[in-house]
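Presented below is the structure to which this report refers.
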Amino acid sequence: MAFEISTEVACAHFLFAHVIRGSQPRVELHFAESAWDFSANDRMVSLMGSARSWHADGQTLEFESKPHAMVCPMESDQKIACSEFTYGLMSRGETFLLRYHAKGVDGIEAAETNGGLHAEIVATPSEDGQLIVTVLSKGTPFPGAEIIVPTSGMNTEEMTTDENGQIRINTPTTSLYSFRAMVPEERSGTHDGKPYELVRHYTTLTVHDHENIPEGSDGLAWAILQDAQHCNAATVGGSWNANFRMTDASGTLQGKLMHDGQSARITEPEEASDRTIQTIGSIRTIHPANDIAIGFEDARTAAAGCRIVIPEHGMTYVIKDRVVETIIESSDDGSRRIDVTGRTRLEDGRILPERLVITEFDSNGTIESVTLTSENYVDQNGDHVLKSVSHNHINGPGKSDQTVIRLSDVRQQDSTSSR
């Protein structure tokens, strides 16, 4: 039997190994709730200090403790990193020894290599496009293992390995994904002078797909931003055109508009062409072209959310639990901050941003205006297309303008068919 669960409801910590390419090739170890959780504090990082880590060829990895993780440089020809440590005894109805294991790989092809962990997950692409995932115990397939696998969007599924220690799933298409399994081992022993009869091995496999990383980009920052785009269900992004009907204090206006990825401009009627509508679609363009360098802010700290920067665009993204929470757009003239304050989680595990707070600042950091925005979407054959936007623009005490914009015939700029 299988059932859908969310990565957001994880209540325990596990060991994750990230093999990262790009401008700073490295391995990062995180003791966290998921592969997208980077909130490990000093205590969590110190727990990993005793971890034994190695390449698939057996070469030892030497890690340095950082505020957010254990970090080790990695050569470009190395694609696999393994690590494991003993946490200690736990009592949950019975006393058992708790051990953590992790394998990180650069590309799914490397995931089929046995890295030599006591408990390990290997994955092999099949010719039919699926992924054969095997749970190993001491190198031998383990039937009946509990395993958490990625499905669509942010959803995961709990499964049980068959008599061959395997499951089959559709190959994930995200830039970063992970698996987690539990392997019980009946074994007697003592730890710190206390006896146990059972060992629980929790093991993870974390996969980074590093194709098309822009030159000069940090591979982890790029993967997190790509993944957030994958989890965003709003269809329209970048440049697009639409018919509109706008109602505000001055009346009702109908025509056509063009969105360039940052703001909307009225193209018809011609007499209104100098007007812009900045609040339309502000959250959809969360990822720039692939040739733009992406990285973290200069100092990374332990935090549940990541701050990812695109210097060439003057943009900062705050991403937490695979969701864009805030976008900051900066220029010499000032800045704009977009906070997502309301969202809907769809059955396929993706997110629709529905309520935004857009704050405009001048060059001195003084607030010029605040816009409270609501967005509605229409489902067109599985695509979620922006249908209407309503906003309350506040630019001073007692000064506010309310506007409702309804869209139809929304098209990507290079599209020939309606979305």
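What follows draws every value from the coordinates through simple rules; no lab data is involved. Note that the structure is predicted; figures quoted are calculated from it, not measured. Cβ coordinates were reconstructed from backbone atoms using ideal geometry, including for glycine residues, and neighbour counts include every protein chain displayed.
Counting neighbouring Cβ atoms within 10 Å and putting the fewest first, the residues Arg92, Arg180, Arg168 line up as Arg92, Arg168, Arg180.
Could you tell me the ratio Rg/Rh of the chain? Both radii from Cα atoms, Rh via Kirkwood. Could the numbers behind the result be given before it?
On the way: Rg = 24.3 Å, Rh = 23.4 Å.
Reported Rg/Rh, Kirkwood definition of Rh: 1.04.
Rounded to the nearest 20 debye, the dipole magnitude of the chain is 820 debye, with +1 charges on Lys and Arg beta carbons, -1 on Asp and Glu beta carbons, and the Cα centre as origin. Taking 0.36 nm per residue of separation and subtracting the current Cα-Cα distance, fully stretching the chain between Glu157 and Thr359 would add 68.9 nm. Among the listed pairs Lys320/Lys387; Lys66/Lys138; Lys66/Lys103; Lys138/Lys194, those whose Cα-Cα separation exceeds 28 Å are Lys66/Lys138. Placing one equal scatterer on every Cα of the stretch 29-85 and applying the Debye formula, the log10 ratio I(q)/I(0) at q = 0.14 Å⁻¹ is -0.37. Using a Gaussian network model of the chain in which every pair of alpha carbons under 10 angstrom is joined by a spring, one finds that among Pro195, Pro125, Pro150 the greatest mean-square fluctuation is at Pro195. Have a look at Thr301, Thr206, Thr190 and tell me which one the Gaussian network model of the chain (Cα, springs below 10 Å) gives the largest fluctuation. In the Gaussian network model the winner is Thr190.
Averaging the inverse of every distinct alpha carbon separation and then flipping it gives the Kirkwood radius. What is it for the stretch 142-185, in angstrom units?
On the way: mean 1/r = 0.0899 Å⁻¹.
Every distinct Cα pair counted, the radius reaches 11.1 Å.
The Cα trace of the stretch 341-419 gives Rg and Dmax of 15.9, 46 Å, the first to one decimal, the second as a whole number.
Listing Leu220, Leu47, Leu89, Leu117 from the residue with the fewest other Cβ atoms within 10 Å to the one with the most, what is the order? Provide the component values of the computation, followed by the final result.
Working: Leu220 27, Leu47 18, Leu89 15, Leu117 24.
If I rank by nearby Cβ atoms, fewest first, I get Leu89, Leu47, Leu117, Leu220.
For the stretch 3-208, the Stokes-Einstein estimate of translational diffusion at 25 °C and a viscosity of 0.890 mPa s comes to 143 µm²/s, using the Kirkwood hydrodynamic radius over alpha-carbon pairs.
Between the C-alpha center of the stretch 122-185 and that of the stretch 335-397 there is a gap of 37 Å. Helix 219-230 axis versus longest C-alpha principal axis of the chain: approximately 60°, rounded to the nearest ten.
For the stretch 237-412, what ratio Rg/Rh do Cα atoms give with a Kirkwood hydrodynamic radius?
Details: Rg = 16.8 Å, Rh = 17.4 Å.
Radius of gyration over Kirkwood radius for the stretch 237-412 works out to 0.96.
Here the convex hull built on the C-alpha positions of the stretch 114-253 has a volume of 244 cubic angstrom per residue. Taking K and R as +1 and D and E as -1, what net charge do the other residues with C-beta under 15 Å from the C-beta of Leu89 add up to? With Lys, Arg at +1 and Asp, Glu at -1, the neighbours total +1. Excluding Leu98 itself, calculate the net charge of residues whose Cβ lies under 11 Å from the Cβ of Leu98, where each Lys or Arg counts +1 and each Asp or Glu counts -1. So the environment of Leu98 carries a net charge of +3. Placing unit charges on each Cβ (+1 for Lys and Arg, -1 for Asp and Glu) gives the chain a dipole about its Cα centre, and among Trp36, Thr113, Thr344 the Cα reaching farthest toward its positive end belongs to Thr344.
Among Pro397, Pro143, Pro311, determine the one that fluctuates most according to a GNM of the chain built with springs between C-alpha atoms less than 10 Å apart. Among Pro397, Pro143, Pro311, the largest GNM mean-square fluctuation belongs to Pro397. For the pair Leu253 and Asp192, label points projected 7 Å from Cα toward Cβ lie 6.9 nm apart.
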